[in-house]
Amino acid sequence: MSRIAYVNGRYLPFHDAKVHVEDRGYQFADGVYEVCEVRSGRLIDERRHLERLKRSLGELQIRMPISTRALGVILQEVVARNRIGYGIVYLQITRGVARRDHAFPSREVRPSLVVTARALNRSRNEALAEQGIAVITLPDNRWGRVDIKTTGLLSNVLARQAAIERGARDAWFVDEDGTVTEASSANVWIVTPAGTLVTRHADHAILRGITRTVLFDAIKAQGLAVQERAFTVEEAYSAREAFITSASQIVLPVVRVDGRTIGNGKPGPVATALRRAYHLYAEAG
Ligand code: PMP
């Protein structure tokens with residue numbers, strides 16, 4: 001079956017799904033995006049993802065090209081047309097097509113909207129979570145507003161590639177104080193030797209992950225202690241458990257950081273239990 005993408009008002013076969021060379025997303029990464037998990041053909045946490053999308057657009061003064069309701073219909077339609085049972089739906093809005101100039105184009109320029117969807121391999125994801133992943137740490141050299149979910153991901157791209165070249169699966173960014181900010185496309189958590197969950201407070205230095213937000217409800221329900229604060233790489237090395245969270249991986253255990261074994265080198269009970277419980281607290285559309 002050929003894949004279908006939504007591009008500025010039309011559902012097109014992938015081969016024909018194109019944007020103009022002067023789209024500001026292409027020229028300047030002048031745009032934002034969202035990724036939602038799809039389970040049993042239903043969008044997970046769509047409401048929260050669309051709320052964050054509106055916030056990102058607002059911070060960049062890009063207008064929403066259509067209503068939230070119409071966007072919801074398109075997301076579902078792209079999932080259905082691609083017959084996605086388990087996977088992700090991706091949406092991107094850029095400032096639109098205009099002659100290349102750093103300043104914003106005139107208000108008549110319509111933002112571009114693209115939606116794609118693809119299936120994920122569930123058994124492969126489960127196998128990965130059962131095994132846990134290795135990560136490396138790298139200096140966080142991103143801009144100061146990574147709380148906005150922009151398509152400008154060059155540092156994230158280079159970090160992920162560096163991780164792979166060093167035999168790891170992902171990279172954690174570390175700021176100038178030696179504290180961990182987040183992973184290349186996920187939030188970072190540790191479980192201290194005393195059993196307290198720790199994740200960085202959400203300011204301008206991390207993206208406020210939807211999975212992160214929902215996980216607080218699961219943590220509360222399980223009666224676990226949690227702190228939102230910065231933690232150092234050293235603290236992570238001596239953690240009992242570590243894991244990352246994102247819409248496409250939910251809770252993914254981390255068993256090695258910079259070649260040091262975390263806990264006993266296997267996914268821990270806290271991460272495993274939270275991974276299992278997550279969808280009791282998420283909203284399924
Ligand atoms: N941080 C970054 C840099 C990300 O790219 C992502 C995933 N989009 C996250 C955190 C996790 O966000 P979410 O749980 O909403 O997928």
Part-to-part distance (alpha-carbon centres) for the stretch 263-278 and the stretch 138-213, which is given in Å = 19
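With a sphere of radius 11 Å drawn around the Cβ of ILE74, what net charge do the other residues whose Cβ falls strictly inside it have (Lys, Arg +1; Asp, Glu -1)?
Details: positive: ARG10, ARG69, ARG81; negative: GLU77.
Counting the neighbours of ILE74, the net charge comes to +2.
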Dipole of the stretch 113-212, Cα-centred, from +1 at each Lys and Arg C-beta and -1 at each Asp and Glu C-beta, to the nearest 20 debye?
-> 440
Of all GluC sites (Glu not before Pro) in the stretch 192-285, the ones in DSSP coil with at most 15 other Cβ atoms within 10 Å are GLU283
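Can you tell me, using C-alpha contacts under 8 Å and at least 6 residues apart, the relative contact order of the stretch 4-120 as a whole percent? Could the numbers behind the result be given before it?
Numbers: 204 pairs, mean separation 42.5, N = 117.
After rounding, I find 36 percent.
How big is D, in µm² s⁻¹, for the stretch 29-161 by Stokes-Einstein at 25 °C and 0.890 mPa s if Rh is the Kirkwood radius over C-alpha pairs? Show your work: numbers first, answer last.
Values: Rh = 16.7 Å.
Roughly 147 µm²/s, to the nearest whole number.
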Length released on extending from GLU77 to MET64, taking residue separation times 0.36 nm less the Cα-Cα span = 2.8 nm
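Could you report the stretch 4-120's accessible area per residue, 1.4 Å probe, as an integer in Å²?
51
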Skip the ligands, DNA and RNA, and give the accessible area per residue of the stretch 125-280 with a 1.4 Å probe, whole Å².
-> 44
With the full set of protein chains in place, find how many percent of the accessible area of the stretch 143-285 is carbon and sulfur; take the probe as 1.4 Å.
-> 52
What number of lysine-lysine pairs in the chain show an alpha-carbon separation below 30 angstrom, given a sequence spacing of 8 or more or placement on distinct chains?
-> 6
Net charge of neighbours whose Cβ lies under 9 Å from the Cβ of TYR86, counting Lys and Arg as +1 and Asp and Glu as -1 = +1
Spacing of the two label points (7 Å from each Cα toward its C-beta) at PHE28 and GLU165, in nm = 3.0
Give the span of the stretch 125-280's Cα atoms along each principal axis, as three whole-Å numbers ordered largest to smallest.
-> 37, 29, 29
Work out, step by step, the length gained on full extension between ALA221 and ARG208: first 0.36 nm times the residue separation, then minus their alpha carbon distance; give nm to one decimal.
-> 2.6 nm
Ranked from highest to lowest mean number of other Cβ atoms within 10 Å per residue, what is the order of the peptides 98-111, 46-59?
-> 46-59, 98-111
Along the dipole axis of the chain (charges at Cβ: +1 for Lys and Arg, -1 for Asp and Glu; origin at the Cα centre), the most positive-end residue among GLY87, THR181, VAL198 is GLY87
In terms of modelled amide H atoms, which long-range or inter-chain residues lie less than 5 Å from the amide H of VAL226?
-> LEU197
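Antiparallel as a % of all DSSP beta bridges within the stretch 197-285, to the nearest 5?
Working: 7 of 10 bridges.
Roughly 70 percent of the DSSP beta bridges within the stretch 197-285 come out antiparallel.
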Hydrodynamic radius by Kirkwood for the chain, inverse mean 1/r across distinct Cα pairs, in Å, is 19.7
Tell me, what HN-Hα J-couplings in whole Hz come from the Karplus equation 6.51 cos²θ - 1.76 cosθ + 1.60 at θ = phi - 60° for each residue of the stretch 243-260, using x for Gly and Pro?
-> 7, 10, 10, 6, 4, 8, 10, 6, 10, 10, x, 10, 10, 9, 10, 6, x, 8
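Membrane-span-like helices in the chain: DSSP H runs reaching 15 Å or more (Cα, own axis), mean Kyte hydropathy at least -1.0?
On the way: long enough: 46-60 (21 Å, -1.44); 68-81 (19 Å, 0.80); 154-165 (16 Å, 0.49); 210-221 (17 Å, 0.84); 269-281 (18 Å, 0.01).
In the chain, the long hydrophobic H runs are 68-81, 154-165, 210-221, 269-281.
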Label point distance in nm, ARG99-ASN264, each placed 7 Å from Cα along Cα→Cβ = 6.8
Towards the positive end of the charge dipole of the chain, with charges on Cβ (+1 Lys, Arg; -1 Asp, Glu), say which of PRO253, HIS49, SER67 has the farthest Cα.
-> SER67
May I ask you to give the percent of accessible area on the stretch 4-120 that is carbon plus sulfur, with a probe radius of 1.4 Å?
-> 50
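The values are calculated or read from the model by the stated rules, or taken from the named source; none is laboratory data. If you're wondering where the values come from, they're calculated on a predicted model, not measured in any experiment. Cβ: placed from backbone, ideal geometry, glycine included. Neighbour counts: every protein chain shown. For the accessible areas, the whole protein counts, side chains as well, though only heavy atoms, and no ligand, DNA or RNA atoms are used. Shrake-Rupley method; radii C 1.70, N 1.55, O 1.52, S 1.80 Å.
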